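Quick note: the coordinates plus some simple rules give every number you see, no bench work behind them. Note that the structure is a prediction, hence the values are computed from the model and not measured.
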Amino acid sequence: DHAHDDHAHDDHAHDDHAHDDHAHEARRKPKAMEPQLFASLLKRVESESFDKGRQAMITLSAKNLHFSSAQVKALLEEWTFDPAKVDALRVLAPRIIDLKTSFTILDVFTFDIQRQKANSILMSVMPK
């Protein structure tokens with residue numbers, strides 16, 4: 001019976017290890033910004049008159065937040081000029097959690113040249 005307890009303990013240790021792996025997995029896969037928080041950020045970006053101000057705002061946000069492709073697209077739609085959108089995407093791209101659907105972001109670019117730059121940025125952050 002005592003040996004059985006030891007065995008149970010071993011299993012438990014194994015479970016802990018599995019749990020550690022799971023925690024590690026969770027750390028590797030961050031969540032996108034909460035919808036309420038994102039709505040607040042979007043409102044602030046909308047109220048900013050210039051792309052330069054918008055850029056400063058998202059640069060700060062991107063330091064410790066993550067975004068879905070849809071959120072990045074919604075943010076970039078507020079930018080006035082394509083080159084500024086490319087600069088913004090450069091900051092946001094590494095923080096996108098669902099890169100598989102990031103191609104939808106390309107729709108916000110008016111000109112092919114900027115769309116190609118945007119595509120390169122997204123490709124550069126894709127997992128190898």
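Quick look at the values:
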{"quantity": "Other-chain or far-sequence residues with amide H under 5 Å of PHE67's (modelled H)", "calculated": "MET33, ILE96, ILE97"}
{"quantity": "Set of lysines with alpha-carbon distance to LYS29 below 29 Å, sequence-local pairs under 8 removed", "calculated": "LYS43, LYS63, LYS73, LYS85, LYS100, LYS117, LYS128"}
{"quantity": "√(5λ) per eigenvalue of the Cα gyration tensor, the range 48-128, largest first, Å", "calculated": "18, 16, 10"}
{"quantity": "Potential lengthening between PHE50 and VAL125 on full extension [0.36 nm per residue; Cα-Cα distance subtracted]", "calculated": "24.3 nm"}
{"quantity": "Backbone HN-Hα couplings from phi across the range 104-117 [Karplus 6.51/-1.76/1.60, Hz, Gly and Pro as x]", "calculated": "5, 5, 4, 4, 7, 8, 7, 10, 4, 4, 6, 4, 5, 4"}
{"quantity": "Volume per residue that the Cα convex hull of the range 84-128 spans, once the total is divided by residue count, Å³", "calculated": "62"}
{"quantity": "For the range 118-123, 3J(HN,Hα) per residue [Karplus equation, 6.51 cos²θ - 1.76 cosθ + 1.60, θ = phi - 60°, Hz, x = Gly/Pro]", "calculated": "4, 4, 4, 4, 5, 5"}
{"quantity": "Solution diffusion estimate, µm²/s, Stokes-Einstein, the range 30-70, Kirkwood Rh from C-alpha pairs, 20 °C, viscosity 1.002 mPa s", "calculated": "202"}
{"quantity": "Residue-by-residue Karplus 3J(HN,Hα) for the range 58-70, coefficients 6.51, -1.76, 1.60, Hz, glycine and proline x", "calculated": "6, 4, 5, 4, 6, 4, 9, 10, 10, 9, 7, 4, 4"}
